[in-house]
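S.K.: Below is one structure. I have some questions about it.
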Amino acid sequence: MEFIDYMQAHGHQQLAVWTDAEAGVKSFIAIHDTTLGPALGGTRIWRHPTDEAAIMDVLRLSRAMTYKSAAAGLPLGGGKGLIVADPRKDKTEAMLRSYGRFVESLGGRYITTEDVGATGQDMEWIAKETSHVVGLPQSAGGSGNPAVVTGFGVYQAMRACAEDVWGSDSLEGRTVAMQGFGNVATSLAGYLVAAGARLVITDIDAGARERAAAIEGVTLVEPDAIYDVECDIFAPCALGGVLNERSVPKLRCAIVCGAANNQMATDQDDNRLAARGILYAPDFIANAGGVINVYYEYAGDYQEAAAMEKAGNIYATTKQVIALSRERGITTAEAADAVAEARLTAAHA
Ligand code: NAD
């Protein structure tokens, strides 16, 4: 019952559950809002410690997708899928195809794509059972890895923040501390290095650390040490909940801007950042490049150049959010919500 009250209080339309013992599937799909269009959002494959934690995660992520697409100006609603499994050892074709039948059962109200723990191969298996999937590999006629455009979008948000804080959007000579060096961080790092920024990187995965070590001039640190790094920009590019009462007091940066979804552990953490004078680029504004990219696949005739051009607008949206936060005396996270809500309210009307 707790969940139902939570859903009602936060505007959630639907939470669907699918189990399949034979295929080893326990999964959830949360559809938050379909006012602007079908609910599009990735499928996360992750073993949460409890079902309650998994449900809360998928609900929060689905709502973030509504806000992300609304703020990015896309005709899409917000949804998210979650398969409770260890992505390194539990995945099978039978599991993903069973989950694909779950997606199909929702009749297009939910469109899935990749998220943490999922791969292009997984999307191909899902696509054997449903057409409501985007982010397929280019070899299968899809738009390929969305992280390329996501990284570009995060870079645009960083430039907009830099312009606000230092009066210039150049990142030359700036130090960026990156938490996580996966798909998006790899794309982002390319833009940062080209712009002349210095990188400090951590990752819990040895392979990712090895890839990061190949970047000229990079400094690698232990995962727990990343919050203490003296830098200009802290970029959370791993999982959510990393901005919290323990981490925020440690940060030694002027800007927080990264790719991770739901970076704040609680609703109070944006106030914690603001109180410390740290400018926060709201996560769903900065990381909208991924959904922008798959939207162009969903709309048909995918062109990376068109997706990149639209993701370039993240610079202007970030500036709009910062200006609104100043004008209304609210945090940037609140201003980002206001930008998305204004669009939803107009559509409702
Ligand atoms: P990924 O799985 O490729 O990379 C995440 C990396 O973070 C991995 O290398 C992992 O080892 C590392 N990591 C996990 N926990 C860590 C910790 N505590 N400390 C340091 N490193 C840690 O994922 P990705 O596609 O690069 O996405 C990164 C984040 O951005 C996720 O939160 C994702 O939801 C979000 N995001 C991704 C996209 C996209 O296009 N892929 C779009 C929007 C948002």
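The values are calculated or read from the model by the stated rules, or taken from the named source; none is laboratory data. Here the structure is a predicted model, which is why all the values come from computation and not from measurement. Backbone-built Cβ (ideal geometry, glycine too); neighbour counts: all protein chains shown. Just so you know, the surface numbers come from the protein's heavy atoms only, side chains and all, with ligands and any DNA or RNA stripped out. Shrake-Rupley method; radii C 1.70, N 1.55, O 1.52, S 1.80 Å.
S.K.: Counting DSSP beta bridges in the chain, what percent are antiparallel, to the nearest 5?
M.R.: 30 percent
S.K.: Express as a percent, rounded to the nearest 5, the fraction of DSSP beta bridges in region 8-101 (both residues included) that run antiparallel.
M.R.: 70 percent
S.K.: To the nearest 10 square angstrom, how much accessible area does residue 57 have with a 1.4 angstrom probe?
M.R.: About 40 Å², ignoring ligands and nucleic acids.
S.K.: What does the helix-only formula give at 222 nm for the chain: each DSSP H stretch with n ≥ 4 adding -39500 (n - 2.57), the total divided by the residues, and the result rounded to the nearest 500 deg cm²/dmol?
M.R.: Calculated at 222 nm, the ellipticity per residue is -13500 deg cm²/dmol.
S.K.: Could you put 246, 174 in order of accessible surface area, largest first, with the 1.4 Å probe and the full protein assembly present?
M.R.: Ranking 246, 174 by accessible area, largest first, yields 246, 174.
S.K.: On to the next question. Under a Cβ-only charge scheme (Lys and Arg +1, Asp and Glu -1), can you give me the dipole magnitude of the chain about the Cα centre, in debye to the nearest 20?
M.R.: Dipole about the Cα centre, nearest 20: 240 debye.
S.K.: What does the net charge come to around residue 129 if you take all other residues with beta carbon closer than 13 Å to its beta carbon, with K and R at +1 and D and E at -1?
M.R.: Local charge sum for residue 129: -2.
S.K.: Under a 5 Å amide H to amide H cut-off, with H placed in plane at 1.01 Å, what residues pair with residue 111 once short-range neighbours are removed?
M.R.: When sequence neighbours closer than 5 places are left aside, the close amide H contacts are 39, 40, 41.
S.K.: To the nearest 10 square angstrom, what accessible area does residue 215 show with a 1.4 Å probe?
M.R.: It works out to around 40 Å².
S.K.: Let me ask something else about it. Convex hull over the Cα atoms of the chain, averaged projected area in nm²? Mind showing how you got there, number by number?
M.R.: Numbers: hull surface 67.4 nm².
Mean projected area of the Cα convex hull: 16.9 nm².
S.K.: Something else now. How do 88, 63 rank by accessible surface area computed with a 1.4 Å probe, from largest to smallest? Please list the in-between numbers first.
M.R.: Working: 88 210, 63 75 Å².
Listed by decreasing accessible area, they come as 88, 63.
S.K.: At residue 338 and residue 313, where each label point lies 7 Å from the Cα along Cα→Cβ, what is the point-to-point distance in nanometres?
M.R.: My value for the distance between the label points is 2.1 nm.
S.K.: In nm, give the distance between the simple-model label positions of residue 139 and residue 219, each being 7 Å from the Cα along the Cα-to-Cβ direction.
M.R.: 4.0 nm
S.K.: Of 147, 70, 158, which is farthest on the positive side of the dipole of region 39-164, counting Cα position, with +1 on Lys and Arg Cβ, -1 on Asp and Glu Cβ, and the Cα centre as origin?
M.R.: About the Cα centre, the residue reaching furthest to the positive side is 70.
S.K.: Taking every pair of distinct Cα atoms and averaging 1/r, then inverting, what Kirkwood hydrodynamic radius in Å comes out for region 158-248?
M.R.: Across region 158-248, the inverse of the average 1/r is 13.4 Å.
S.K.: What number comes out for accessible area per residue over region 135-214 if the probe is 1.4 Å? Units Å², please.
M.R.: Per-residue accessible area for region 135-214 comes out at 38 Å².
S.K.: Something else now. With +1 on the Cβ of every Lys and Arg and -1 on the Cβ of every Asp and Glu, and nothing else charged, how large is the dipole of region 282-349 about its Cα centre, in debye rounded to the nearest 20? Numbers along the way, then the final one.
M.R.: On the way: 5 positive and 9 negative charges, 58 e Å.
For region 282-349, the charge dipole is close to 280 debye.
S.K.: Sticking with this one: P(r) for region 247-325: what percent of alpha-carbon pairs falls in each 5 Å bin, starting at zero?
M.R.: For region 247-325, the binned pair fractions read 3, 14, 21, 21, 15, 10, 8, 5, 2, 0 percent.
S.K.: How much of the accessible area of the chain, in percent, comes from carbon and sulfur atoms when a 1.4 Å probe is used?
M.R.: Working: 7060 of 14460 Å².
Taking all protein chains in place, the chain shows 49 percent carbon and sulfur surface.
S.K.: Sticking with this one: What ratio of Cα Rg to 2.2 N^0.38 Å holds for region 44-167?
M.R.: That ratio works out to 1.18.
S.K.: GNM, the chain, Cα, under 10 Å: largest mean-square fluctuation among 41, 24, 151?
M.R.: Most flexible of the set in this elastic network: 24.
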